[in-house]
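Derivation of every value follows stated rules applied to the coordinates shown; laboratory data play no part. All values derive from a computational prediction rather than experimental measurement. A quick note on method: Cβ atoms are made from the backbone with ideal geometry, for glycine too, and the neighbour counts reach across all protein chains shown.
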């Protein structure tokens with residue numbers, strides 16, 4: 001493409017745009033309505049006005065008071081004239097000349113006595129406009145890329161839309177009165193009016209949701225086509241085990257455990273999601289299922305996202321198992337343990353293959369080539385893993401039972417997926433329908449309620465004094481920073497700035513570490529391990545980095561720029577403290593003066609649990625704002641929203657009909673499905 005040099009190509013690549021097709025499918029996230037062209041005489045102060053007029057005068061001058069280069073112009077139409085001012089764009093006098101007829105769109109404000117346009121977007125009249133006098137698309141951008149640049153590039157590639165095949169079956173489009181894809185793609189970028197924008201948006205949302213629902217149905221079909229080995233419920237031993245625990249199970253834990261154990265007794269593979277607040281005891285519920293699998297002679301695996309978390313799970317599970325004779329193993333990149341004693345990697349592999357260990361805790365190292373299982377009956381995974389049918393089959397292929405000639409058919413292991421993300425029931429039902437979900441609402445009785453305070457800017461010094469007092473008492477503090485710059489996706493800038501401020505100005509005498517997405521996995525693990533070992537007083541981290549480790553000694557969660565997070569995210573961060581007998585605190589900082597934001601953050605203080613918060617956020621902000629992308633387990637759509645209930649229902653019905661008829665009857669759609677690949681996290 002012309003106009004795309006090496007620098008621009010690099011900026012586009014950061015947005016995931018490397019081809020013409022990528023550009024076409026890079027949708028705007030909103031549209032500014034500059035479609036009404038007003039007469040100058042009828043203008044009022046507003047954020048969005050458009051005029052068409054002739055340039056009478058244009059020149060540059062230097063504003064010494066504001067130290068800015070100003071370009072000033074006078075624009076007139078048949079009704080009157082208005083002053084226009086641009087900041088730091090001196091090149092405009094070469095682009096725009098007196099006598100040129102232009103469109104201007106943007107903010108109109110008072111300059112003492114008279115109205116003036118301030119930094120408007122301009123476009124010469126005569127051809128079709130893309131920046132003014134229409135519904136103007138606004139895109140998510142990075143670095144120094146401008147809206148004008150991306151709009152221009154997309155306008156250049158629009159003719160290539162004719163080369164794209166519409167894969168949606170015509171019968172579906174006709175039945176639902178959907179426009180064809182070519183129309184939708186043109187109108188989503190440069191809509192003629194609100195009606196065509198709505199039609200284009202509905203079509204593109206539908207196709208995203210339709211593909212998603214198709215993958216769900218195919219995934220379920222594949223799972224139900226393969227049997228599972230039932231796991232017998234060992235009632236007496238389970239009761240003894242529960243009675244031996246140093247605490248009483250909550251009613252929710254008992255109910256969830258029974259639902260899971262009932263599923264395990266079936267000859268179809270369990271596919272259940274276990275939801276619960278951070279610290280609600282999900283791991284113990286999962287252990288009851290693993291315990292029964294082990295007693296039944298089968299192996300159970302728990303996969304954690306990080307080595308530290310795997311190690312914590314292993315130590316806790318071994319403590320719970322206590323005097324039972326169940327053999328355990330821990331397998332990560334750097335740690336291999338058999339029955340709580342260090343072992344060599346080869347030795348651990350042999351024990352797993354022979355069935356000499358029944359409960360295995362680890363990271364993704366468990367899927368590596370050298371690991372073979374004797375009889376894998378249950379897999380428990382953390383929410384951060386995208387662990388679908390393929391990975392489950394991969395694990396099964398590593399199990400000797402999968403190729404046991406005494407069994408007529410290879411079996412799939414049962415699957416339990418755990419998440420600390422509270423999913424509103426309305427959302428779960430509309431998206432996943434008949435997915436089996438168990439929920440733990442209650443927290444253990446001994447847990448102290450975390451005290452949450454919204455900190456106003458004037459109270460910041462007092463909050464810092466409070467943090468210092470907690471650290472003096474031997475506690476530790478998390479500091480979470482928002483991503484302020486879109487180009488700073490890994491949070492390097494945000495964390496570094498906060499880290500340097502705290503280290504140099506606020507707590508120069510304390511030991512502070514920082515954690516962001518650009519660090520290598522091993523470095524992140526080392527920093528978390530050192531924080532866990534109390535080598536640091538404060539850990540500064542981004543929202544991108546999931547802090548999911550149990551740091552019992554941490555008593556303060558300090559969140560900067562809280563207005564930039566959804567309530568559910570804030571609740572997740574808060575749940576990282578309060579993991580011990582110490583009273584814990586969540587200090588929420590915001591510089592926003594907005595009453596709406598103040599009211600929303602107030603809900604964080606008053607809501608009884610994460611589910612109430614999630615429902616509130618779903619209602620007022622939408623799912624895209626609720627859940628952090630890295631940990632939600634939800635699909636990430638380009639244009640569809642998880643609250644598009646009507647379109648989700650239509651997509652589900654259409655997908656069901658296609659599956660009933662057979663995908664082979666739709667070769668173009670089948671090809672599209674193959675291209676899209678399997679990125680569904682059904683669990």
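Structure notes:
- Nearest-ten-degree value, helix 235-244 long axis tilted from longest Cα axis of the chain: 80 degrees
- Prolate/oblate/rounded label for region 255-352 (Cα gyration tensor, a/c 1.5): prolate
- Normalising by residue count, the chain has a Cα convex hull of 189 Å³ per residue.
- Order of 151, 3 - criterion: other Cβ atoms within 10 Å of each residue's Cβ, fewest first: 3, 151
- Dividing the mean sequence gap of close Cα pairs (under 8 Å, 6+ apart) by how many residues the chain holds gives a relative contact order of 13 percent.
- Our note on the geometry: Cα centres of region 1-69 and region 76-111, 14 Å apart.
- Highest average packing first - 121-133, 177-189, Cβ atoms within 10 Å: 177-189, 121-133
- Gap separating the Cα centres of region 357-378 and region 148-197, nearest whole Å: 47 Å
- Most to least packed among 587-593, 42-48, 512-518 [average Cβ atoms within 10 Å]: 512-518, 587-593, 42-48
- Taking region 451-608 and dividing mean pair separation by its residue count, relative contact order in percent (alpha carbons under 8 Å, at least six apart): 32 percent
- Shape box of region 451-608 [Cα atoms, principal axes, largest first, Å]: 42, 39, 31
- Cα gyration tensor shape of region 57-192, rounded if a/c is under 1.5, else prolate or oblate by comparing a/b with b/c: prolate
- D by Stokes-Einstein for region 36-133, Kirkwood Rh over Cα pairs, 25 °C, 0.890 mPa s: 182 µm²/s.
- Secondary structure note: in the chain, about 40% of the DSSP beta bridges are antiparallel.
- Projected label distance in nm at residue 238 and residue 171, using a 7 Å step from Cα toward the beta-carbon: 4.5 nm
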